[in-house]
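Peer 1: Mind looking over this structure? Questions follow.
Derivation of every value follows stated rules applied to the coordinates shown; laboratory data play no part. Given the structure is predicted, the values throughout are model-derived calculations rather than measurements. Cβ coordinates were reconstructed from backbone atoms using ideal geometry, including for glycine residues, and neighbour counts include every protein chain displayed.
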Amino acid sequence: MALTFLEARATVLQRARRADPNHPHATEPLRLLQALGRVISENVLADRDYPPFARSARDGFAVHAADLPGELAIIGEVRAGQTFEGSVKSGEAVEIMTGAPVPEGADAVVMVEHTERRADRVRILQGAQPGDNVSAKGVEARQDATVVEAGERLGSAQIAALAMVGRECVEVYRKPRVAIVPTGDEIVSASERPEPFQIRNSNAFSLAAQVERAGGTPVILPIARDNYESTHWLMDRGLENDLMVLSGGVSAGKYDIVEKVLADLGAEFYFDRVRIQPGQPVVFGAARGKQFFGLPGNPASTMVTFEVFARAAVELLSGAKAAPLPLLRAKLTREFRHKPGLTRFLPANLNADGSTVTPEPWHGSGDIPALARSNAFLVAEAERESWAAGEDIRVLMR
Ligand code: AMP
Ligand code: MG
């Protein structure tokens, strides 16, 4: 039974194993910059209020809002990194810089651009409201509030939040080990000189790159030959890892024996066919307590099926929440049609501002150069047959 694209995607999100934070070796401490791109396994709390004091958001004058408009006496100055000793009374103003604490008594800051200064007096023609240009103490985070939540992948903003609260070291999930098992009698190592009828093992490389990007550690195993013993032996090794990803051998050919070997290993299959192209015969299941994906071997099929199915499994295993597919909509620069029934993923180029997309000419699922020339996949929904130039179509970023 073939699932639709969305059914298969939902199956992965529902079935894929999550990292277990209670496993004794699930996490490790890392210094902040080493943790970039990793998934944090603890909730990190604010060590004090943020901002820690009422902070001026502008260069200007700290005032009593109720005094304005009016003319005020300047009684002093406060810069970032200092505090003003004393308090501001009605009729008074303190010159203040961005980032400085708002002096006691003052309840608003007026931008310097809206003032006229004469010696030690300042004229302000506009009115003001209490709180104008002031970030009140604790508005960004109260002491002990969570600033970075367990399961968050650490990008530059999360790293900044950790530095803000004084964390130099954080606990992150270890990366899951993802076995990559290429299959095929015609496949030779990428460093070998192939015979005219042989093909270099490019899938191990695209998969390893995709595993890295998803937060896993790729473990590239030797090429399984299209016979029972070789495939069985390599699956034995593959299933020692946290996840196993196979390429090739899942179509209907006479020597496509991946599913047979998996079945003999006691595998449960969650799906073994999805109504997509490329990648229709894609397999997802579990054996010996580990999960596996059997991805069709055509390079575009392998790449697409990893991206839309296996990637989420690697992310979940690495402790992250399931990231949404990076889908957006863009206007087609030319007409596009396909045969309905399958959701199609085709190499395409999204322009720099993300507004238009151009399908890349290509020659089927083996066309690696076309993939290398493109920066995205155009996604043609299964239900629809044609799109006119200028119409919106979905695009999967990669
Ligand atoms: P299969 O899914 O095994 O029927 O393979 C489909 C096509 O993908 C064949 O033309 C294979 O030569 C090609 N292919 C399979 N595995 C790889 C690989 N590891 N690297 C590059 N191409 C491959
Ligand atoms: Mg094959």
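Peer 1: Could you tell me the center-to-center distance, by alpha carbons, between region 281-326 and region 148-187 in angstrom?
Peer 2: Region 281-326 and region 148-187 have Cα centres spaced 17 Å from each other.
Peer 1: Quick one: which residues, 5 or more positions from Ala106 or on another chain, have an amide H under 5 Å from its amide H? H modelled 1.01 Å from N in the peptide plane, none for Pro or chain starts.
Peer 2: Val88
Peer 1: May I ask which residue of Leu45, Val110, Ala19 lies farthest towards the positive end of the charge dipole of the chain, with charges of +1 (Lys, Arg) and -1 (Asp, Glu) on Cβ and the Cα centre as origin?
Peer 2: Ala19
Peer 1: Projected onto the charge dipole of the chain (+1 at Lys/Arg Cβ, -1 at Asp/Glu Cβ, origin at the Cα centre), which of Ser251, Asn351, Trp387 gives the Cα projection farthest towards the positive end?
Peer 2: Ser251
Peer 1: Given the DSSP H assignment, sum -39500 (n - 2.57) over each helix run of at least 4 residues in the chain and divide by its residue total; what's the result at 222 nm in deg cm²/dmol, nearest 500?
Peer 2: -5000 deg cm²/dmol
Peer 1: Which residue, Ala160, Ala108, Ala312, tops the fluctuation ranking in a GNM of the chain built on C-alpha contacts under 10 Å?
Peer 2: Between Ala160, Ala108, Ala312, it is Ala108 that shows the largest mean-square fluctuation.
Peer 1: Roughly how big is the chain's charge dipole about its Cα centre, with Cβ charges of +1 (Lys, Arg) and -1 (Asp, Glu), in debye to the nearest 20?
Peer 2: Dipole size: approximately 840 debye.
Peer 1: Something else about it: Under unit Cβ charges (Lys, Arg +1; Asp, Glu -1), what dipole magnitude, rounded to 20 debye, does region 41-90 have relative to its Cα centre?
Peer 2: About 60 debye.
Peer 1: Quick one: which residues, 5+ away or cross-chain, put their amide H under 5 Å from the amide H of Tyr270? H built at 1.01 Å from N.
Peer 2: So Tyr270 has HN proximity to Phe284, Gly285, Ala286.
Peer 1: Can I ask one more? Excluding same-chain residues fewer than 8 positions from Lys331, which lysines have a Cα within less than 26 Å of its Cα?
Peer 2: Lys331 reaches Lys339.
Peer 1: A further question on this structure: Under a 10 Å cutoff between Cα atoms, tell me which one of Val188, Val110, Val282 has the largest fluctuation in the Gaussian network model of the chain.
Peer 2: Of Val188, Val110, Val282, the most mobile in the Gaussian network model is Val110.
Peer 1: Shifting gears a bit: Can you spot the lysines whose alpha carbon is less than 20 Å from Lys290's alpha carbon? Ignore those fewer than 8 places along the same chain.
Peer 2: Lys175, Lys260, Lys321
Peer 1: How large is ³J(HN,Hα), in whole Hz, for each residue of region 278-293 in order, when computed from phi with the Karplus curve 6.51 cos²θ - 1.76 cosθ + 1.60 and θ = phi - 60°, using x for Gly and Pro?
Peer 2: Values, residue by residue: x, x, 3, x, 4, 10, 9, x, 9, 8, 6, x, 10, 9, 9, 10 Hz.
Peer 1: Let me ask another. Relative contact order of the chain: what whole-number percent is it, with Cα pairs under 8 angstrom and at least 6 residues apart?
Peer 2: 16
Peer 1: For the chain, what is the percent of antiparallel DSSP beta bridges, rounded to the nearest 5?
Peer 2: Around 65 percent of the beta bridges assigned by DSSP in the chain are antiparallel ones.
Peer 1: Taking amide H atoms as placed 1.01 Å from N in the peptide plane, list the residues 5 or more away in sequence, or in a different chain, whose amide H sits under 5 Å from that of Thr183.
Peer 2: Ala224, Ser247
Peer 1: Looking at region 247-394, what % of its DSSP beta bridges pair antiparallel, to the nearest 5?
Peer 2: DSSP beta bridges in region 247-394 are roughly 80 percent antiparallel.
Peer 1: I've got another one for you. Within the chain, which DSSP H helices have Cα atoms that stretch 27 Å or more along the helix axis and a mean Kyte-Doolittle hydropathy of at least -0.5?
Peer 2: None clear 27 Å together with a mean of -0.5.
Peer 1: Here's a follow-up. Show me, for region 311-328, the HN-Hα J-couplings you get by feeding each phi into the Karplus relation (A = 6.51, B = -1.76, C = 1.60, θ = phi - 60°), rounded to Hz, glycine and proline as x.
Peer 2: 4, 4, 5, 5, 4, 5, 5, 8, x, 7, 6, 5, 6, x, 4, x, 9, 9
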